[in-house]
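What follows is one structure encoded as structure tokens, with my remarks underneath.
The values are calculated or read from the model by the stated rules, or taken from the named source; none is laboratory data. Since the model is a prediction, treat every value here as computed from it, not as a measurement. Neighbour counts are summed over all protein chains in view; Cβ atoms, including those assigned to glycine, are modelled from backbone coordinates with ideal geometry. Only protein heavy atoms, including side chains, enter the accessible area calculation; ligands, DNA and RNA are left aside. Shrake-Rupley method; radii C 1.70, N 1.55, O 1.52, S 1.80 Å.
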There are 2 protein chains.
Amino acid sequence: MRPQDVIRKKRDGAQLSREEIVFFIDGVTSGSIADYQISALLMAIYLNGMNDAEQEILTEAMLHSGNVLDFSSIAKPKADKHSTGGVGDKTSLLIAPMVAACGVCVPMISGRGLGHTGGTLDKLESIPGYRVNLSASEFEKVLQTVGYAMSGQTAELAPADKKMYALRDATATVEAIPLIVASIISKKGAAGLDAMVIDVKVGSGAFMRDEPRAQKLAHALVKTGNSCGIRTRALLTDMNQPLGRAVGNSVEVKECIQLLRGEVDEGARPVRDLSIELSAHMLVLAHVDDSLAAARDRLQNILSSGKALESFRANVAAQGGDPRVCDEPAKFLPLATESFKVESPRSGFVTGVKTAEIGHAIAAIGGGRVRIDDEIDPSVGFITDVKIGSHINVHDRLGTIYCGDEAKAKEAVQTIQAAYEIGDESFNELLLVKEVINE
Amino acid sequence: MRPQDVIRKKRDGAQLSREEIVFFIDGVTSGSIADYQISALLMAIYLNGMNDAEQEILTEAMLHSGNVLDFSSIAKPKADKHSTGGVGDKTSLLIAPMVAACGVCVPMISGRGLGHTGGTLDKLESIPGYRVNLSASEFEKVLQTVGYAMSGQTAELAPADKKMYALRDATATVEAIPLIVASIISKKGAAGLDAMVIDVKVGSGAFMRDEPRAQKLAHALVKTGNSCGIRTRALLTDMNQPLGRAVGNSVEVKECIQLLRGEVDEGARPVRDLSIELSAHMLVLAHVDDSLAAARDRLQNILSSGKALESFRANVAAQGGDPRVCDEPAKFLPLATESFKVESPRSGFVTGVKTAEIGHAIAAIGGGRVRIDDEIDPSVGFITDVKIGSHINVHDRLGTIYCGDEAKAKEAVQTIQAAYEIGDESFNELLLVKEVINE
């Protein structure tokens, strides 16, 4: 078999066999298939698609391209949550401690921010001392002692995905559903999960702005996850505005710690609500609770009793961070001392937000990555005072930018001001969870 | 502009602008665009095509990616012929000396054989001493003194094509019409031509087996050639059996020299007929003759007077070959001393030939290349005694294989025997020129 014969077959719209897909992924992993052959196949898959059988085989081949973590020594159900990426989406930082405190093992392999979206690893690194590059044995030890661990994808985990993911950005093949599904499920599957909830974001701050396409992706993720032996559900959730008030790194961690401490701020409530909802589905899939209602009650108690905060504190300590951040987040998290008001250019109602623009503006001041090797400045960020449906008067505060570089900050003020659409008609609040997809 | 933005646009089926195509081809030439990005665009072009405007811009960008030869010091029209490739297709060796002897300058940039097809450069190298890698100044000198020169594509000529051509074979993007057209016309255009005739082969020994697709390719070649300022015609010609009797290298050169010497063998007549026909179109396009009839008469005279042979002899001498090959081809051309009869397994009529199989069989005994870096053995070959429509009795000779390696030769005997389809019904001779395409 030659790589070009596999490429030709997909180019011509035919279904690839198990043998062909496994041959190709083995070649990607070993390096015997050239990058230019991989990218030609990626483009052929982008344009000609894959059916369910091919999708499942591709995902399994990528899942098994490296080590598969084995936590069978931990006698708990293993579950995780994955998000397709958004702006201000910090739910992982709440979900992991909440669900772990309910007796579920959460081996969370997370990513970095790129483009307009943030990344869990970048956020965690704003906690002084916190280490996200754990070795496999450190990861397992933290899991055993704390119940959850947060780490980046190692070279041994789904290496075929790592190679293909790097090529996709440079070859305009990122948005292909079969490739997105295989990438997500192969990484999660290699982490040895029993259950998984996927938060498929849809809206102006999501990679999928269009609801039918997001639904299609969600169905493919659920079907493929289940076929790979992971009980999987997807929630289609709103990403038409930043989730909560904070966008950045330390500002998002602070918002989470405040929620874990029970300091509920109305603007941060969607973060809490969505975290509880995603966690409740995890508990049901992990067979901890029989119903979502029971799971939600359990999670409310875990939060209000402070057990979720204790779980978070134990994780911070176990991963090298300063646990005092849980008691005095404002003291132990970095924040730029200069702040800039973003004011409303007119009176009216917030009718829409160009959410990706806010993400890009925060990346541009150092809160994210424009290029893959950019350094993150954890101290910069944006806190919004409004959401869709808010009434506002001219010159009122839309939000505040924290940034040490005045010239850059002023550009961000402009961009973010323009990202808020202010109209005359009042506007209903958006539904946070649009749909639950089980199959 | 980023390469992935150009790839994305073609991926989405949009028309690329001049700026985008030129940016991409400049990046291919300079090496600033990675191979994996080039191959992703090639696949997107394969699947989404290009319209006439894009085709013309792509071809011109590739044509100007390196040096464009300038033979303005030679006060003659410049014309060439190109073939899309076949088995036993040796017309270049007749056309160049015939047309040059009619006062046209023929700067012929030729290729090597690959897969089932032979290459003019390989054939010429079976003449002892003949050099095909001329420098630009040597090439021009031979053109000035002899009227025609035969050489390979140098690194300076259409380098973007060279890079893309190498990637296409490994990425299953060879057969895309926009890429075939750009490759052919960019190389020919860089040789500074006024006129060009393209022999588009169709049938069991051609890359295009299917006539409608060959027609589509021919129209695209003619349109693009003309838009690049080269008066261009295409002839759709039959490649359902080897052209003439000889398939190999020295055996094909010998067949040509015999035709140039006026020694007409009935089996070789199609080589002579097709060479005259293609040459006649070149003379008309070069404004040497007003009509095909006049051009054909001129060419018959050039052949029978021995002037074409003299032109050939001058070229052989000028390119370092031994000109005595023109007087005693059997003495000066290498030929394997062992020969093997391919006999007919039954009586009947030749109703079809799996021509590519014959090409592959000869490549396998050393007459061609299975891989791009294989060495050629000029002394091996096949001479057929039959053609489609021939009546034959069981055990009669279908042809003879010349090869020093008995084991390999016997495999070739089997393959070639199986390539001839013998049936009971008589079969009309095939038309050599199926169609002339002017626009």
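From the backbone phi of region A:132-147, what are the Karplus-calculated ³J(HN,Hα) couplings (6.51 cos²θ - 1.76 cosθ + 1.60, θ = phi - 60°) in whole Hz, Gly and Pro given as x?
10, 9, 7, 6, 4, 6, 4, 4, 5, 5, 4, 4, 5, 7, 9, x
For region B:290-353, rounded, prolate or oblate, judged on the Cα gyration tensor with a ≥ b ≥ c (square roots of eigenvalues), a/c < 1.5 rounded, else prolate if a/b > b/c?
The shape class here is oblate.
Out of all DSSP beta bridges with both ends in chain A, state the antiparallel percent to the nearest 5.
Looking only at bridges with both residues in chain A, the antiparallel portion is about 55 percent.
Any idea what angle helix A:18-30 forms with the longest principal axis of chain A, computed on alpha-carbon atoms, 0 to 90 degrees, nearest 10?
Tilt of helix A:18-30: around 60 degrees.
Between A:Gln300 and B:His395, how many nm apart are label points set 7 Å from Cα along the C-beta direction?
A separation of 10.0 nm, rounded to one decimal place.
Got a sec to turn the phi values of region A:81-97 into Karplus ³J(HN,Hα) couplings, 6.51 cos²θ - 1.76 cosθ + 1.60 with θ = phi - 60°, whole Hz, x for Gly and Pro?
Once rounded to whole Hz, the list reads 10, 10, 10, 6, x, x, 10, x, 8, 10, 4, 3, 5, 9, 5, 4, x.
Between helix A:269-285 and chain A, what is the angle of the helix's C-alpha long axis to the longest principal axis, kept within 0 to 90° and rounded to the nearest 10?
Result, in degrees: 30.
Given the alpha-carbon gyration tensor of region A:175-284, what are the semi-axes of its equivalent ellipsoid in whole angstrom, ordered largest first, with each equal to the square root of 5 times an eigenvalue?
27, 17, 12
Considering all projection directions equally, how large on average is the shadow of the alpha-carbon convex hull of region A:334-423, in square nanometres?
Result: 5.4 nm².
Quick query: amide H of B:Gly119 versus all other amide H atoms, modeled in the peptide plane; which residues come in under 5 Å with a sequence gap of 5 or more or a different chain?
Residues meeting the criterion, in which the H sits 1.01 Å from N, are B:Gly113.
Could you work out the helix-only [θ] at 222 nm for chain B, with each DSSP H run of four or more residues adding -39,500 (n - 2.57) and the total divided by the number of residues, to the nearest 500 deg cm²/dmol?
Helix-only estimate at 222 nm: -13500 deg cm²/dmol.
List, shortest first and in nm to one decimal, how far the label point of A:Ala53 (7 Å from Cα along Cα→Cβ) is from its counterparts in the other copies.
4.4
What nm distances, shortest first, do you get from the label point of B:His395 to those in the other copies when the point sits 7 angstrom along Cα to Cβ?
Going from nearest to farthest copy, the values are 11.4 nm.
Would you mind checking the pairs A:Lys78/A:Lys307; A:Lys201/A:Lys408; A:Lys76/A:Lys254; A:Lys216/B:Lys10; A:Lys81/A:Lys216 and listing those with alpha carbons more than 22 angstrom apart?
Among A:Lys78/A:Lys307; A:Lys201/A:Lys408; A:Lys76/A:Lys254; A:Lys216/B:Lys10; A:Lys81/A:Lys216, the Cα-Cα distance tops 22 Å for A:Lys201/A:Lys408; A:Lys76/A:Lys254; A:Lys216/B:Lys10.
Among the trypsin sites (Lys or Arg not before Pro) in region A:96-150, which ones are in a DSSP loop with at most 16 other Cβ atoms within 10 Å of the Cβ? Mind listing them?
Passing both the DSSP loop test and the Cβ count: A:Arg131.
If you average the sequence gap of Cα pairs under 8 Å that are 6 or more apart and divide by the length of chain B, what percent do you get for the contact order?
20 percent
As a test of reading the structure, rank B:Asp70, B:Asp290 by solvent-accessible area (1.4 Å probe, protein chains only), most first.
B:Asp290, B:Asp70
Can you give me the distance in nm between label points at A:Asn48 and B:Asp210, each placed 7 Å from the Cα along the Cα-to-Cβ direction?
Those two pseudo-labels are separated by 1.3 nm.
Mind jotting down a quarter of the surface of the convex hull over the alpha carbons of chain A, in square nanometres, one decimal?
20.0 nm²
Provide the per residue accessible area, probe 1.4 Å, for region A:164-241, rounded to a whole number of square angstrom.
28 Å²
Rounded, prolate or oblate: which fits region A:79-329, taking a ≥ b ≥ c as square roots of the Cα gyration tensor eigenvalues, rounded meaning a/c under 1.5, else prolate when a/b beats b/c?
Taking the square roots of the gyration eigenvalues as a ≥ b ≥ c, region A:79-329 is rounded.
Students sometimes get this wrong: rank A:Thr154, B:Thr337, B:Thr224 by accessible area, probe 1.4 Å, all chains present, largest first.
B:Thr337, A:Thr154, B:Thr224
Computed FRET efficiency, Cβ-Cβ of B:Asp169 and B:Asn67, R0 25 Å: what is it to the nearest 0.05?
Once rounded, the FRET efficiency stands at 0.50.
Give me the inter-chain shielding for A:3-11: mean count of other chain Cβ atoms within 10 Å, whole number please.
So the per-residue partner count for this stretch is 4.
Rounding to the nearest 10 and keeping the result within 0 to 90°, find how far the Cα-based axis of helix B:307-318 lies from the longest principal axis of chain B.
Here the helix axis deviates by roughly 70 degrees.
For all pairs of alpha-carbon atoms in region A:200-352, what percent lies in each bin of width 5 Å, listed from the first bin to the last filled one?
2, 8, 12, 15, 17, 16, 15, 9, 4, 2, 0
What is the antiparallel percent of DSSP beta bridges lying wholly in the protein assembly as shown, to the nearest 5?
If we restrict to bridges inside the protein assembly as shown, about 55 percent are antiparallel.
Which distance in nm do the two modelled labels at A:Ser426 and A:Ile372 give, with both placed 7 Å along the Cα-to-Cβ direction?
Between A:Ser426 and A:Ile372, the simple spin-label model gives 4.9 nm.
First compute the accessible area of chain A with a 1.4 Å probe, then give the percent of it belonging to carbon and sulfur atoms.
48 percent
What percent of all Cα-Cα pairs in the protein assembly as shown falls into each 20 Å bin, going from 0 up to the bin containing the maximum distance?
14, 35, 24, 19, 8, 0
Taking the Cα centre of region B:334-423 as origin, sum charge times position over the Cβ atoms of Lys and Arg (+1) and Asp and Glu (-1), and report the length of that vector in debye to the nearest 20.
Approximately 320 debye in magnitude.
If you average 1/r across every pair of different Cα atoms in region A:390-439 and take the reciprocal, what Kirkwood value do you get, in Å?
14.2 Å
How big is region B:3-49 by Rg and Dmax over its Cα atoms, in Å?
According to the Cα coordinates of region B:3-49, Rg and Dmax are 9.7, 26 Å.
What is the set of long-range amide H partners of B:Thr237 at a cut-off below 5 Å, with H atoms built 1.01 Å from backbone N?
The answer is B:Val200, B:Lys201, B:Val202, B:Lys434.
Determine ³J(HN,Hα), in whole Hz, for all residues of region B:389-406 in sequence, where each value follows from phi through the Karplus function 6.51 cos²θ - 1.76 cosθ + 1.60 and θ = phi - 60°; x replaces Gly and Pro.
x, 5, 8, 8, 9, 4, 6, 5, 7, 7, x, 10, 9, 10, 6, x, 9, 4
Which whole-number percentage describes the relative contact order of region A:334-423, with Cα contacts under 8 Å and a sequence gap of 6 or more?
Once normalised by length, the contact order is 48 percent.
Identify the GluC sites (Glu not before Pro) of region B:216-320 meeting these criteria: DSSP loop state and at most 14 other C-beta atoms within 10 Å of the C-beta.
B:Glu263
Ordering A:His64, B:His82 by accessible area with a probe of 1.4 Å, largest first, what comes out?
Heavy-atom accessible area, descending, gives A:His64, B:His82.
Please report the accessible area of B:Ser305 (heavy atoms, 1.4 Å probe, ligands and nucleic acids excluded) in Å², nearest 10.
70 Å²
Ordered shortest first, which distances in nm separate the 7 Å Cα→C-beta label point of A:Gly129 from those of the other copies?
8.6
Starting from the Cα of A:Lys410, draw a straight line to each of the lysines and keep only those under 22 Å, dropping any in the same chain fewer than 8 residues away.
The qualifying lysines are A:Lys341, A:Lys354, A:Lys387.
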